[in-house]
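Asker: This structure is in structure tokens; I'll ask about it shortly.
The values are calculated or read from the model by the stated rules, or taken from the named source; none is laboratory data. Everything numeric here is computed off the predicted structure, so don't read it as measured data. Neighbour counts run over all protein chains shown; Cβ positions are idealised from the backbone, glycine included.
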Amino acid sequence: MSFAAKPYLRSVTIDPAADADPDDYPFSIPAVRELGVLEPHPDVTFFVGENGAGKSTVLEAIAVALDMPAEGGTRNVLREQQEVSPLHRCLKLVKGFKRPRYSYFLRAESLFNVFTYLDSLPGNPEPSLHLRSHGEAFMDVLQGFSGDGIYLLDEPEAALSPNRQLAALAVIDRLVKQGAQFIIATHSPILLAYPRAKILLFDETGISHVDYEDTEHYAVTRDFLNHYPRRLQQLLDDAD
Ligand SMILES: Nc1ncnc2c1ncn2[C@@H]1O[C@H](COP(=O)(O)OP(=O)(O)OP(=O)(O)O)[C@@H](O)[C@H]1O
Ligand SMILES: [Mg+2]
């Protein structure tokens, strides 16, 4: 397939006509209030930021606005909606001219339900995804993705060992080169190293672009691993 099909998702903004009450969730979250124009990378876009900065809220709203179920899964399945924020109704999405053949939203909390659905499909992979470990099953699902699709992943590293995160990078790269677009909320300094990507930092000022080595994930992890005995001494009263 041609790269011209990408990006499937070009931009996301808040509809100026939306009733955006800054005292109410989700507009009480600074990054949502100050979302501006969120322009995903044609290949991979990472959402980073502190816990509670609004990454999952925005990712989920984009998923629902793209007609994927909030529960996770594809647009054809898992109609069972969990409680979602009203943000998706306030978003304006600019999509590419070509519709992706596949779209998938994977969030750590609902992988169990996604695995149940995939197990129930005719020709499902053997053995049952429920008999695989969390990370093995996640990798099975990732490897089953097609290049002709858009994929939203919320903290995929929750399932993956460091080695599997490296393997996931290789799978994501293969899919990107076959035409896939990813948006990934993550805290993983390994996943964030992927080069065909844009990193968007969610904080109290809104959403801004940041380079890999300027992320807290890279700096804190690197500093800790290089100096962990001293850092532990500083952190823990009882460390030798
Ligand atoms: N239904 C809700 N009603 C009110 N506040 C909510 C609701 N859901 C989430 N929040 C709040 O919105 C904020 C953003 O949550 P969100 O889950 O988007 O953060 P996040 O950036 O994904 O964090 P993490 O890195 O921990 O996953 C948090 O302070 C959370 O408590
Ligand atoms: Mg989250």
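Asker: Filter segment 201-231 for residues that are surrounded by 12 or more Cβ atoms within 10 Å (Cβ to Cβ), under 26 Å from residue 27 (Cα atoms) and of a type in the set (Val, Ile, Thr) and give the result.
Answerer: Answer for segment 201-231, where residues must be surrounded by 12 or more Cβ atoms within 10 Å (Cβ to Cβ), under 26 Å from residue 27 (Cα atoms) and of a type in the set (Val, Ile, Thr): 207, 210, 215.
Asker: OK, next. Can you work out which of the residues in segment 44-67 that are more than 9 Å from ligand 1 (Cβ to nearest atom) and in a loop (DSSP other than H, G, I, E, B) is modelled with the highest pLDDT?
Answerer: 66
Asker: Next question. Would a scan of segment 80-101 turn up a residue that is among the hydroxyl-bearing types (Ser, Thr, Tyr), modelled with pLDDT of 75 or more and within 16 Å of ligand 1 (Cβ to nearest atom)?
Answerer: Of all residues in segment 80-101, those among the hydroxyl-bearing types (Ser, Thr, Tyr) come to 85.
Narrowing the set further to residues that are modelled with pLDDT of 75 or more leaves 85.
Now drop any that are not within 16 Å of ligand 1 (Cβ to nearest atom), which leaves 85.
Checking segment 80-101: at least one residue is among the hydroxyl-bearing types (Ser, Thr, Tyr), modelled with pLDDT of 75 or more and within 16 Å of ligand 1 (Cβ to nearest atom).
Asker: Of all residues in segment 158-175, which are aliphatic (A, V, I, L, M) and either out of contact with any Gly (no Cβ under 8 Å at 6 or more places or on another chain) or surrounded by fewer than 20 Cβ atoms within 10 Å (Cβ to Cβ) (or both)?
Answerer: 158, 166, 167, 168, 169, 170, 171, 172
Asker: Here's another thing I want to ask about it. Which residues, counting only those in segment 26-35, are more than 17 Å from residue 183 (Cα to Cα) and either in contact with a helix residue (DSSP H, G or I) (Cβ under 8 Å, 6 or more places away or on another chain) or part of a loop (DSSP other than H, G, I, E, B) (or both)? Write out each step before concluding.
Answerer: Taking segment 26-35 first, the residues more than 17 Å from residue 183 (Cα to Cα) are 26-30, 33-34.
Passing the criteria: 26, 27, 28, 29, 34.
Asker: List the pairs whose first member sits in segment 11-38 and is under 12 Å from residue 85 (Cα atoms), whose second member is hydroxyl-bearing (Ser, Thr, Tyr) and at pLDDT below 90, and whose Cβ atoms are under 9 Å apart, counting only residues at least 6 apart or on separate chains?
Answerer: Note: pairs meeting the criteria are 25/85; 26/85; 32/85.
Asker: Within segment 28-43, take every residue that is within 15 Å of ligand 1 (Cβ to nearest atom) and surrounded by 21 or more Cβ atoms within 10 Å (Cβ to Cβ) and give me the one that is nearest to residue 175 (Cα to Cα). Explain how you work it out, then say what you get.
Answerer: Step one: of segment 28-43, the residues within 15 Å of ligand 1 (Cβ to nearest atom) are 28-35, 38.
Among the residues that remain, those that are also surrounded by 21 or more Cβ atoms within 10 Å (Cβ to Cβ) are: 29, 31-32, 35, 38.
On the way: 29: 33, 31: 29, 32: 29, 35: 28, 38: 23 Å.
Across segment 28-43, the extreme among qualifying residues is 38.
Asker: Would segment 121-135 turn up any residue that is on the phi > 0 side of the Ramachandran plot, touching a His at 6+ places or on another chain (Cβ under 9 Å) and not in a helix (DSSP H, G or I)? Can you show your working first?
Answerer: Just the residues of segment 121-135 that are on the phi > 0 side of the Ramachandran plot, to begin with: 123.
If we keep only those that are touching a His at 6+ places or on another chain (Cβ under 9 Å) as well, we get none.
No, because not a single residue in segment 121-135 is on the phi > 0 side of the Ramachandran plot, touching a His at 6+ places or on another chain (Cβ under 9 Å) and not in a helix (DSSP H, G or I).
Asker: Pull up segment 183-200, narrow it to residues that are in contact with a Pro (Cβ under 9 Å, 6 or more places away or on another chain) and of a type outside the set (Gly, Ala, Ser), then point me to the one that is surrounded by the fewest Cβ atoms within 10 Å (Cβ to Cβ).
Answerer: 196
Asker: Are any residues in segment 45-68 in contact with a Leu (Cβ under 9 Å, 6 or more places away or on another chain) and more than 16 Å from ligand 2 (Cβ to nearest atom), and if so, which ones?
Answerer: Those that are in contact with a Leu (Cβ under 9 Å, 6 or more places away or on another chain) and more than 16 Å from ligand 2 (Cβ to nearest atom): 65, 66, 68.
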